[in-house]
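Encoded as structure tokens, the structure appears first; notes follow it.
Please treat every number below as a calculation from the coordinates, not as lab data. Quantities reported herein were computed from a predicted structural model and do not represent experimental measurements. Quick reminder, even Gly has a Cβ in these numbers, built from the backbone with ideal geometry, and neighbours come from all protein chains shown.
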Amino acid sequence: MDPINKLTEYFKEFPGIGERQAKRFVYFLLHKNPSYVKELGDKILDLKNTIHQCPSCFLFFQSKEDQLCDTCSNIKTDKTSLLIVEKDADYENIKRSKNYSGMYFILGGLVPIVSKDTPNYVRTKELLRNVELQAKEPASPTSQGGSGLKEVIIALSLNPQGEHTDMYLRELLTPLQDKFKLNIVSLGRGLSTGTELEYSDSETIKNALRNRA
Ligand SMILES: [Zn+2]
């Protein structure tokens, strides 16, 4: 395969990018001067070298490997509440709205309605592990404990796939809910249909959190 088609194949893997757009990107690069292209290549490498995921909530941020993010490591974070979002952009939007002071968990995607298999980018195993760990009673000097988690808030966008994932997560969490008497609620009822959390304003998020059920 020649370099034009090869690079086109790479761009086609980007979300929402088809063959025609992918090819436009390639020709765009061909028209740019070499220093731009080199810098772009360096920036992409930088990204992989300097950005890592928080091992607890899975947020991407500038850090060393296995370093907890500011929210997870902050003693002021309300450890009794865990909010599940689909992606980093949702996390950032809710965080920015300053209406929520608890912990987060980034799921990594939504569960497809048609497929029976949960795709491996949806972090269900990690979610179960985190909830179990955090639901244990806070550590005492003599024993290792969790953080006394009491409430899990499922905060997914209000579209069919988001609602499907909401139901899926509720079922998945039922055994832990029973075991630790957790309160599991959804943001959905405070949002109007089709709402994307990523683009919701602070007032919408505040109302959704207030009306969680
Ligand atoms: Zn974190």
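Summary table
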read-out	value
Where labels lie 7 Å past Cα in the beta-carbon direction, separation of TYR199 and HIS31 in nm	2.8 nm
Residue exposure sequence - TYR168, TYR36 - by fewest surrounding Cβ within 10 Å	TYR36, TYR168
Phi to ³J(HN,Hα) by Karplus 6.51 cos²θ - 1.76 cosθ + 1.60 over segment 60-76, Hz, x for Gly, Pro	7, 7, 6, 6, 7, 4, 6, 8, 6, 6, 4, 5, 5, 8, 6, 6, 7
Segment 75-210 - charge dipole about Cα centre, Lys and Arg +1 at Cβ, Asp and Glu -1, debye rounded to 20	460 debye
MET167, MET1, MET103 arranged by Cβ crowding within 10 Å, fewest neighbours leading	MET1, MET167, MET103
Estimated inter-spin distance, GLU151 and GLU137, nm [label 7 Å along Cα→Cβ]	2.3 nm
For the chain, the Rg and Dmax computed from alpha carbons only, in angstrom	20.2, 65
Cβ-based exposure ranking for SER56, SER35, in which fewest neighbours within 10 Å come first	SER35, SER56
Label-reachable residues, segment 82-103, where backbone N falls under 15 Å from a point 7 Å from LYS206's Cα toward its Cβ	94-101
